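Note sheet for the following structure.
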Amino acid sequence: MTPFYSMFTLDDPSIQHPYATTERVTSINGVIYTTTISVGVVLIFCPFLHRHNKAWLHVLNVSLLSLFLSVILTEFVTEMFKNMIGRLRPDFIARCLPAPGTPYNVLVGVEVCTNTNTQVLNDGFRSTPSGHSSNAFAGFGWLAAWVAGQLRVFRPGTELFRTVLAVLPLLGACLIGISRIEDYRHHITDILFGGILGSLIAWYSYRKFFPHLGKDNCNIPFPAPEYENDTIDYYDSLDEMEAAKLYVE
């Protein structure tokens with residue numbers, strides 16, 4: 001999508017930061033870190049934690065499904081917001097390369113930019129929300145909830161190390177978000193927006209398949225829904241469906 005081109009002034013100090021050619025955490029690395037580590041933890045510890053449960057493969061399958069739902073849904077919503085909001089990145093002026101003679105303190109548009117690299121230029125309008133932050137909390141936030149559920153950290157008398165293990169993924173997500181401020185790719189509000197967005201979707205994706213963390217059986221996913229009939233009738237047209245209803249009546 002082409003982002004919304006917000007107007008700007010050249011004397012705005014919030015968009016005058018330098019453009020970093022080398023990022024601490026690139027976009028692809030951010031997704032790889034959060035997704036690979038989360039999948040790895042689930043694959044390693046799920047068989048161990050449910051070694052006495054014959055249905056551990058079901059727990060593993062549901063866990064991975066819940067994780068991928070969180071990551072994919074967050075990526076979709078984040079990119080949609082980025083393009084619709086069109087907020088300028090802190091390094092936008094360095095991306096824009098304004099034409100000589102552009103008024104310094106007057107609102108101008110994208111037409112004053114001379115950068116011929118449209119990918120770099122358009123990406124300068126995609127500051128809010130932070131994709132690194134939202135994806136980090138979508139993956140690591142989900143992992144924190146999953147670990148908390150599997151270790152039942154909210155059970156009375158739970159050991160402190162269980163809580164620490166559940167909090168560690170959130171620390172990793174915060175570090176990824178902070179790196180975007182250090183690279184002048186995002187404002188602090190972009191990081192907060194992305195973190196909240198990723199956390200909400202992660203919690204939704206987790207709770208869609210697992211009980212509340214305060215439940216005694218929070219480490220076991222919800223059972224598959226039961227249907228009265230094992231077979232489902234399909235019809236080629238509405239007329240066939242109506243005819244079937246009349247036949248039953």
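Within the chain, which is the longest segment containing none of the trypsin sites (Lys or Arg not before Pro) that sit in a DSSP loop and have at most 11 other Cβ atoms within 10 Å?
55-249
In the frame of its principal axes, the chain has Cα extents of 76, 62, 25 Å, reported largest first. Computed over the chain with a Gaussian network model linking Cα atoms closer than 10 Å, the most mobile of Gly195, Gly172, Gly141 is Gly172.
So for Glu182, Glu79, fewest C-beta neighbours within 10 Å to most, what's the order? Please list the in-between numbers first.
Numbers: Glu182 12, Glu79 15.
The most exposed by this proxy come first: Glu182, Glu79.
Rounded to whole numbers, the Karplus 3J(HN,Hα) couplings from phi for the stretch 101-117 are x, 5, x, 7, 10, 10, 4, 10, x, 5, 5, 7, 7, 10, 5, 7, 7 Hz, using 6.51 cos²θ - 1.76 cosθ + 1.60 with θ = phi - 60°, and x at Gly and Pro.
Multiply the residue separation of Ala224 and Arg155 by 0.36 nm, subtract the distance between their alpha-carbon atoms, and state the gained length in nm to one decimal. Going from the current span to full extension adds 22.3 nm. For Phe210, the amide hydrogen comes within under 5 Å of the amide hydrogens of Phe222, counting only partners 5 or more places away or on other chains and with H modelled in the peptide plane. The simple spin-label model puts a point 7 Å past each Cα toward its Cβ; for Ile181 and Leu107 those points are separated by 2.9 nm. FRET efficiency for the Gln16 to Ile72 pair, using the beta carbon distance and R₀ = 30 Å, is estimated at 0.25. Site pair Arg51 and Leu64 shows an inter-label distance of 2.1 nm when each label is modelled 7 Å from Cα along Cα→Cβ. Counting only DSSP H runs of at least 4 residues, each contributing -39500 (n - 2.57), and dividing by the residue count of the chain, the helix-based mean residue ellipticity at 222 nm comes to -19000 deg cm²/dmol. Structure remark: mean-square fluctuation, Gaussian network model of the chain, C-alpha springs under 10 Å; the largest value among Ser130, Ser14, Ser179 belongs to Ser14. For the chain, the longest principal axis of the Cα atoms and the long axis of helix 131-151 meet at an angle of about 30 degrees.
Note on the stretch 1-125: percent of Cα-Cα distances in each 10 Å bin, starting at 0 and stopping at the bin with the largest distance, equals 11, 30, 23, 15, 12, 7, 2, 0. A simple rule links phi to the HN-Hα coupling: the Karplus curve 6.51 cos²θ - 1.76 cosθ + 1.60 with θ = phi - 60°, which for the stretch 119-128 gives 5, 5, 5, 4, 5, x, 9, 10, 8, 10 Hz, with x for Gly and Pro.
Run the numbers on the chain and let me know its relative contact order in percent, using alpha-carbon pairs under 8 Å that are six or more apart. Walk me through the intermediate numbers first.
Working: 361 pairs, mean separation 65.2, N = 249.
Computed value for the chain: 26 percent relative contact order.
Throughout, read-outs are computed from the coordinates displayed, never taken from laboratory work. Computed from a predicted model, the values in this text were never measured in an experiment. Here Cβ is always computed from backbone atoms with ideal geometry, including for glycine, and neighbour counts include all displayed protein chains.
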